[in-house]
Amino acid sequence: MTKSKLNLDTNKIAKARELSKQISAPVQEYIEKNTTVAIERTTLRMMGADGVDSNGVPIPNKVVDQIGDNLCYGATKYYINALLKKGLSPEELNIEIGNGLDITKLDFVDFSFIEDKAQELVEIFASKVKANVAFREEKVHKYKEKENSPLLYLIVATGNIYEDVKQAQAAAKQGADIIAVIRTTGQSLLDFVPYGPTTEGFGGTYATQENFKIMRKALDETGDEIGKYIRLVNYCSGLCMPEIAVMGALERLDMMLNDSMYGILFRDINMYRTFVDQKFSRMINSFAGIVINSGEDNYLTTSDAVEKAYTVTASQFINERFAYESGLPAKLMGLGHAFEMNPDIKNGFLLEMAQAQMASEIFPEAPLKYMPPTKYMTGDIFKGLAMNTLFNFIAKSTNQGILLLGMLTEAIHTPFMQDRFLGVANAKYVLNNIADFSDDIEYKKDGIMQTRAKVVLDETIEFLEEINKTNLFNAIEGKMFAEVSRPKNGGKGLEGVAEKAEDYYNPFYTYLENELNIVKGN
Amino acid sequence: MTKSKLNLDTNKIAKARELSKQISAPVQEYIEKNTTVAIERTTLRMMGADGVDSNGVPIPNKVVDQIGDNLCYGATKYYINALLKKGLSPEELNIEIGNGLDITKLDFVDFSFIEDKAQELVEIFASKVKANVAFREEKVHKYKEKENSPLLYLIVATGNIYEDVKQAQAAAKQGADIIAVIRTTGQSLLDFVPYGPTTEGFGGTYATQENFKIMRKALDETGDEIGKYIRLVNYCSGLCMPEIAVMGALERLDMMLNDSMYGILFRDINMYRTFVDQKFSRMINSFAGIVINSGEDNYLTTSDAVEKAYTVTASQFINERFAYESGLPAKLMGLGHAFEMNPDIKNGFLLEMAQAQMASEIFPEAPLKYMPPTKYMTGDIFKGLAMNTLFNFIAKSTNQGILLLGMLTEAIHTPFMQDRFLGVANAKYVLNNIADFSDDIEYKKDGIMQTRAKVVLDETIEFLEEINKTNLFNAIEGKMFAEVSRPKNGGKGLEGVAEKAEDYYNPFYTYLENELNIVKGN
Amino acid sequence: MMIRPYGDTLNDGAVQLSFTLPVAHCAKADEAAIIYTKKLGFKEVEVVHSNPLSDEFTFFVVYGKTDISIDYDKVVVEEVEKSLDFYGVNNFIKEHIERKIVVVGACSGTDAHTVGIDAIMNMKGFDQHYGLERYPMIEAYNLGAQIPNEELIKKAVELKADAILISQIVTQKEVHIQNLTEFIELLEAEGLRSKMVVCAGGPRIGNKLALELGYDAGFGRGTYPENVASFIVEKMHERGMK
Amino acid sequence: MMIRPYGDTLNDGAVQLSFTLPVAHCAKADEAAIIYTKKLGFKEVEVVHSNPLSDEFTFFVVYGKTDISIDYDKVVVEEVEKSLDFYGVNNFIKEHIERKIVVVGACSGTDAHTVGIDAIMNMKGFDQHYGLERYPMIEAYNLGAQIPNEELIKKAVELKADAILISQIVTQKEVHIQNLTEFIELLEAEGLRSKMVVCAGGPRIGNKLALELGYDAGFGRGTYPENVASFIVEKMHERGMK
Ligand code: B12
Ligand code: B12
Ligand SMILES: Cc1ncc(COP(=O)(O)O)c(C=O)c1O
Ligand SMILES: Cc1ncc(COP(=O)(O)O)c(C=O)c1O
């Protein structure tokens, strides 16, 4: 980071952080007391539960269904008990379960055997993930100098994983550093993760472990060919946050869309469910060295970007806090924001620049994820290209970390191959042409940009204070975010939450808490 | 002008101005001693000589041909003598000349009659031009607030004046402030001005007085319709500099391409001829309140814009000096420069911005004419649009006066109507979106931009010193400009220069010298 | 009047195209792009730019001219008339229908884009044009997004809707056509089609398409609430719905 | 192999177009743009953007899909082979022609664009590729721009040229075709055609066009000096010019 351009009051920043901490406290308390079907399915996957039965129901879902009301004890002991009792490997056990075995019907072995086996499975899991982390670190280090700064992020979204591969490899060759496979419409509302390679989807491709594997392999190949480590992104939002996170950890994804409140606000998922799920998902991401991407840009697709800029900043603080509580270091926090102001605003560029610079000064270590114009994009692809050009300008000159490339056809269709190319070409031109612009200028004292940042920060603090006063649950219900009200007991997935029993058992959760030095009840 | 961003040494700027003055001195000396066929034809036109004979030869050319070697006495007295002797109006006399009358064959009336008549004709001419100036001032004042800043300048170039009108009116409605009718290929090499409305040309439309009139009328109409004064531009470069200038003065053009050395360097017109002609053309432009546009951009179409940036700045100083010598005030000096660096240069944007800002700080009152990228434009219209976007960005943030809009199809064809529209739309978006950016930033002390400007200014001074040492004529011959050598007695049009006789008579020239307070032999 | 594209001269037929071909970038690929564009009916074709997108794909920017023209006088546009404004609509209802009308709207199927239907229905409206909720003579129910067709029909019946508004934004792989068709079929199956004015809308929805699919009208980009409101009330009046 | 454009699925035939129609901006104009694009052979046509350019002209951005395809295997490209480099050319001349060859170049007619011909001929060359003047086995004369055809031929005869290079940059209203044709006719009239290798070049000049006009080859955008040099020397050798 270069020295401050905005001259923000550091006490105010500290104040906002303190407020976020207070805001998250009651939520953390709730989280610690509860588990969910998703968390248990995740734990099952960590042990090796996988595959589907003849009706296509995933094994982890079957097991959780079998466990039913006993979920409060955690799924681990049931699965391990079955492994021991049956003397099977996880792969073998999965087949049995698929064929109808109800593992809750088995007698329990002595708990110490379960603990020993758990120990062994935790280690197997941990070593796989650690190997992935090590592999990534080596490649990133090796190919470092070819990376763009910010990293260029492109999406593919054909619905067909094999078409996605073609598009992704082409995108990588064109200069992308990061490929995100957009998920099909509505997957976040599924309370299971589909299985195997998939070739149909609307507006995106199913997130499945097999699809992850296929794309990972393809990008590794292309990466080695062009001498670059190509990062792979998917989404662990929705009803399967931790489950998809663990699939990503196992298949060496590098980034995950993962916001602490996105599902609540934008997918109408129950807030309790989301809060509990998001923590475990972030613990997994943290352990796997996966950069999370938060979804502040979504606020601006429905709210005005000038008026409601403070909701973005406030959400960044809240996301940061929840991330810390999950043991996630700042360097893995791809906090989001977006260039979404009406292009007709006089001095809109200055307001956008102030906002982007503010994020960069408040979260200096976070690889900020900067989203391109979408809402004000129209069928006028030429205007759109100009907007993308200024967006790239701001991204570079405010030191963003992750640059989602704007598509000139944003208002028309999911990207064509050529659209993506034009996006990369534009970014590369701008990034290189203005490389050191940021270092070469200063912002005028109390000018438009400094004033704007100050105002937004003040509004943010005011907003956080209000939230803190009513508490976060009430604030969400009270329509304080994104202009929607989400009733506490409304939305999808509340039935999947279970209060933990006294002797709830989840050695994976505990292992991660220890590894990540998460202090409970703070 | 806001305060200096570049922190340029004002002594150096003064030094460069002093050098330019020294450089121009011997040239002025030459200019004062000579007249040209173009100057005499211009004077004839001021008196009313116009029209063509049955072979299409313009009357002013016929008269000058008749005068032949006696040109050193000036054409005025011959034409006025004929008016008096024949008792005809100019219109009637033109017809006679067209029909074969040789006015040099007439006996001379008493010179005092000629002087009286000259007095009368000068006043008729002056009052027409003054009426034009007053008209323009009133309209500009009335419609001021709708103008863009910088003024948006668009070209039309169909070759057919009637098509040009359509395109120009559309362009004005789209938001252009200025319309330039590009001249047909090669007109600068004609030693006469074609007559009447024209419908054929390559890469542009003939500059004729009738075409001026047609376009002026059309733009006035559209202007009144949309509540804006639309400025009209044409070219008085080439072998007819002053002649076209006077046509522009009479038809109320508002700007003229008019460089002191362009014809020499880029059209291989003889240097003596050009220097003599340019002075009178600029006197006329000055009197008519016409903003001149100099052609520094042309250097960069053949030389590298980074390496030879100083030639642009040097030429600006020289053009300024020659303009002052012609009585032209700074506010009419549309000194030129261009955004022509290779788009692949790292930090190219900073170098361009430094150059543009430098021009703006050195010539604070001049309405600088900023030319868009042309040389590095390719068939990749999307890349081209991005380059134009950054170009517009610099134009606004360095306070340029006249913005020639970039065309995304620059490398392909002369503009389509839609290309022009896209150019305006892009400029309007950028100008509004970054409106006060310039005021909101400062340049880092001794940063890339400040250093670059300093270096270019130093190189400029060095270059001017060299020119001054060898003198301008030798410098041009010696290939010091634009990487071409132009021999002193080479190029077109030298035969049209005549040394003035002791009793050379040109009351129009004298009138303008007085009106413009031009001090001779300084 | 026969018309064709205009570059800088009337009827020059100049058009800009860009596309990708599934071939490697080379001189042969450029030639293929020229031949291809000629096959589309262009002449004086110029590949002004081409570059590889990968080893198997090349992108082209092409300019060409064409003699193909159409008769503008024969173009028929089934444009929805934009007759009444906010006040006009309310007065029209008072005068001709003599009761409040009920309008139910949703973004249906798996489509989660609420902004469009909100622009039409919400109180605050869109671009300084009030939404239907603000119309005193309209009872407007905005069901939001991702509403299955069955549910939408159920709700409409429950609320005694006079008109149903359906928004469809995602059109990839023609998903909107499927969904809009299914809706109309369901409605007809239940014998409700003739009892309600049914409109579709979205940035890729045209009136023509909507009519083809069996809707009363379709509304594309840039629609204002009063556009659809006028249509509904006039249609109701025309049909004698009271 | 049959090919057609690719958007995001093989053979989807997706193409972007933009053009202006000489009609006022209105719904009918949009419809006309759709009909027009369909007449060009597109389906699923969408006018994604339109706006007025004046009271009489409207600009459209259109996306469409087409079934039209071409057979890539049948595409023949008369590409000039780019065989030799700077050293190769000089050695080839030494070995096969055994004397220095003379090349005269100009940007002819009223065309004043020197940069292209300079890039090919001048010492310093272009993009780190030496120009012909630097070739030890080539005597290169660059006559500059705006050279009338007669003068060019006269000079070529005077200098005993083995090859003539003509650059044409301005192509508006096909002025380059006129000029290039006139040159070849003059050359033939003087009985010189067969005695010289004659090449044309410029950003809008293709090999195909040049061959049609009676030239030995044409060179487009991105040509390097060695490309034309190799062509000349191989052609001379082929013709047995010594
Ligand atoms: C905002 C937005 C989102 C937001 C939506 C938030 C919300 N609450 O609505 C979020 C981020 C959630 C989102 C998600 C997705 N989106 Co989205 N999104 C957009 C975006 C940027 C703007 C849409 C918008 O708000 N427009 C403004 C409104 C006012 O315009 P409008 O909808 O056209 O409505 C007007 C008219 O059409 C008309 N109208 C509309 N409906 C109706 C109905 C009636 C009856 C009438 C009379 C009129 C009418 O009146 C309105 C006012 O004039 C567009 C791109 C763009 N710039 O258009 C992409 C876009 C629509 N999204 C797209 C996609 C693919 C998705 C996803 C599927 C991506 C993914 N895989 O995750 C998801 C999933 C959503 C789902 N399940 O449907 C694609 C659709 C491609 C296509 N043609 O199929 C687009 C075009 C982006 C792209 N290029 O890929 N998106
Ligand atoms: C620089 C330039 C000028 C300069 C020229 C300076 C000079 N000394 O050459 C100036 C400012 C003087 C100028 C003037 C005009 N120009 Co001009 N100019 C350009 C510009 C910006 C770049 C051309 C260039 O230098 N390219 C770089 C060189 C290296 O590329 P190249 O010429 O293509 O050459 C390469 C190949 O084509 C090939 N090649 C070329 N010739 C030959 C010959 C042989 C034998 C071989 C083997 C190869 C070969 O090899 C070269 C290296 O790879 C273009 C726009 C653009 N970006 O292309 C417009 C452009 C060419 N100009 C144009 C016009 C219309 C004009 C004017 C007529 C405008 C006017 N009315 O005033 C005038 C008049 C000129 C005249 N009488 O011809 C139009 C032409 C439109 C058309 N297709 O007809 C263009 C496209 C701009 C536009 N969109 O309007 N121009
Ligand atoms: C954090 C986050 N998660 C998920 C998504 C989209 O995924 P889905 O449609 O599956 O909810 C987004 C999209 O913008 C997002 O920002
Ligand atoms: C000063 C000046 N005059 C004239 C021209 C062009 O006109 P012509 O081709 O008639 O010389 C230019 C073009 O760039 C110019 O800069």
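Read-outs: derived from the displayed coordinates by stated rules, not from any lab. Keep in mind that what you see is a predicted model, and the values were worked out from it rather than measured. FYI the Cβ positions are ideal-geometry reconstructions off the backbone, even for glycines, and counts take in every protein chain you see.
Taking max minus min of the alpha-carbon positions on each principal axis, segment B:393-493 gives extents of 49, 43, 20 Å, largest first. The alpha-carbon positions of segment D:2-72 define a convex hull whose volume is 76 Å³ per residue.
Sequence-ordered 3J(HN,Hα) estimates for segment C:88-97 from the Karplus curve with 6.51, -1.76 and 1.60 and θ = phi - 60° stand at x, 4, 4, 5, 4, 4, 3, 6, 9, 10 Hz, glycine and proline given as x.
Ignoring lysines fewer than eight residues from residue A:21 along the same chain, the ones with Cα atoms less than 23 angstrom from its Cα are A:12, A:33, A:279, A:308, A:331, A:369, A:454, A:469, A:479, A:488, A:520. A straight line joining the Cα centroids of segment B:348-423 and segment B:430-465 runs 16 Å. In segment D:86-238, taking the dipole from charged Cβ atoms about the Cα centre, the farthest positive-side position among D:97, D:119, D:201 is held by D:119.
For chain A, what proportion of DSSP beta bridges, expressed in % and rounded to the nearest 5, is antiparallel? Could you put the intermediate results ahead of the total?
Numbers: 4 of 28 bridges.
Antiparallel bridges make up about 15 percent of those DSSP assigns within chain A.
Label positions at residue B:465 and residue A:142, each projected 7 Å from the Cα along the C-beta direction, are separated by 5.6 nm.
As a proxy for reagent exposure, D:237, D:176 were ordered by neighbouring Cβ count within 10 angstrom, fewest first; the result is D:237, D:176. For the protein assembly as shown, adding -39500 (n - 2.57) for each run of n ≥ 4 DSSP H residues and dividing by the number of residues yields -14500 deg cm²/dmol at 222 nm. Pairs of Lys residues in segment B:34-123 that lie 8 or more places apart, or on two chains, and have C-alpha atoms under 14 angstrom apart add up to 9.
Whole-Hz Karplus values for segment A:487-503 come out as x, 4, 9, x, x, 8, x, 4, 4, x, 9, 9, 6, 5, 6, 3, 9 Hz, taken residue by residue from phi with 6.51 cos²θ - 1.76 cosθ + 1.60 and θ = phi - 60°; glycine and proline positions read x.
Here the simple spin-label model places points 7 Å from the Cα toward Cβ, and for residue A:111 and residue B:304 these points are separated by 7.8 nm. Exceedance of the 23 Å cut-off in Cα-Cα distance is limited, within the set A:144/A:396; A:146/A:428; C:74/D:39; A:144/B:444, to A:144/B:444.
Tell me the net charge near residue B:130. Cut-off is 12 Å between Cβ atoms, residue B:130 excluded, with +1 for each Lys or Arg and -1 for each Asp or Glu. Let's see the in-between values first.
Numbers: positive: B:128, B:136, B:252; negative: B:123, B:137, B:515.
Net local charge, residue B:130 excluded: 0.
In loop segments of segment A:390-458 as defined by DSSP, the trypsin sites (Lys or Arg not before Pro) with at most 12 further C-beta atoms inside 10 Å of their C-beta are A:445.
For segment B:34-123, averaging the sequence separation of C-alpha pairs within contact (under 8 Å, six or more residues apart) and dividing by the residue count gives a relative contact order of 33 percent. Computed from point charges on the beta carbon alone (+1 for Lys and Arg, -1 for Asp and Glu), the dipole magnitude for segment B:143-451 about its Cα centre is near 220 Debye. For chain D, the relative contact order is 17 percent, taking Cα pairs closer than 8 Å that sit 6 or more residues apart in sequence and dividing their mean separation by the residue count. Summarising the label geometry, the points placed 7 Å from Cα in the beta-carbon direction at residue C:12 and residue C:67 lie 1.9 nm from one another.
The equivalent ellipsoid of chain B has semi-axes of 39, 27, 20 Å, largest first, where each one is the square root of 5 times an eigenvalue of the Cα gyration tensor. Other residues within the sphere of radius under 13 Å centred on the Cβ of residue A:211, judged by their own Cβ, net out at -1 (K and R +1, D and E -1). Which of rounded, prolate, oblate describes segment A:34-123, given a ≥ b ≥ c as roots of the alpha-carbon gyration tensor eigenvalues and a/c under 1.5 marking rounded, otherwise prolate only if a/b is larger than b/c? Rounded, since a/c falls under 1.5.
Antiparallel as a % of all DSSP beta bridges within the protein assembly as shown, to the nearest 5? Show your work: numbers first, answer last.
Numbers: 53 of 141 bridges.
DSSP beta bridges in the protein assembly as shown are roughly 40 percent antiparallel.
Please label the shape of segment C:33-175 as rounded, prolate or oblate, based on the square roots a ≥ b ≥ c of the eigenvalues of the alpha-carbon gyration tensor (a/c under 1.5 means rounded; beyond that, a/b larger than b/c means prolate, else oblate).
Values: a/c = 3.26, a/b = 2.03, b/c = 1.61.
Verdict is prolate for segment C:33-175.
Would the protein assembly as shown count as rounded, prolate or oblate if I go by the C-alpha gyration tensor, calling it rounded below 1.5 in a/c and otherwise prolate when a/b exceeds b/c, oblate otherwise? Here the protein assembly as shown falls in the prolate category.
Can you say what percent of the DSSP beta bridges in segment C:86-238, counting only those with both residues inside, are antiparallel? Round to 5. Write down the numbers at each step before the final one.
Values: 1 of 21 bridges.
DSSP beta bridges in segment C:86-238 are roughly 5 percent antiparallel.
With the contact rule set at Cα under 8 Å and sequence spacing of 6 or more, what percent relative contact order holds for segment B:206-266?
Details: 61 pairs, mean separation 21.7, N = 61.
Across segment B:206-266, relative contact order equals 36 percent.
Using the average count of surrounding beta-carbon atoms within 10 Å as a protection proxy, the listed peptides A:374-382, D:67-75 rank, highest first, as A:374-382, D:67-75. Would you be so kind as to identify which of B:468, A:156, B:429 lies farthest towards the positive end of the dipole of the protein assembly as shown, taking Lys and Arg as +1 and Asp and Glu as -1 on Cβ and the Cα centre as origin? Sorting the options by dipole projection puts first B:468.
Taking a sphere under 13 Å around the Cβ of residue B:269 and counting the other residues whose Cβ falls inside, with K and R at +1 and D and E at -1, yields a net charge of 0. Scanning residues 5 or more positions from residue D:144 or on other chains, those with amide H under 5 Å from its amide H are D:107, with H placed 1.01 Å from N in the peptide plane.
Can you list the GluC sites (Glu not before Pro) in segment B:295-388 that are in a DSSP coil and have 15 or fewer other beta carbons within 10 angstrom? Numbers along the way, then the final one.
Numbers: sites: B:296, B:307, B:320, B:325, B:340, B:352, B:361, B:365; in loops: B:296, B:307, B:340, B:365.
Taking segment B:295-388 and a limit of 15 other Cβ atoms within 10 Å, the loop GluC sites (Glu not before Pro) found are B:307, B:365.
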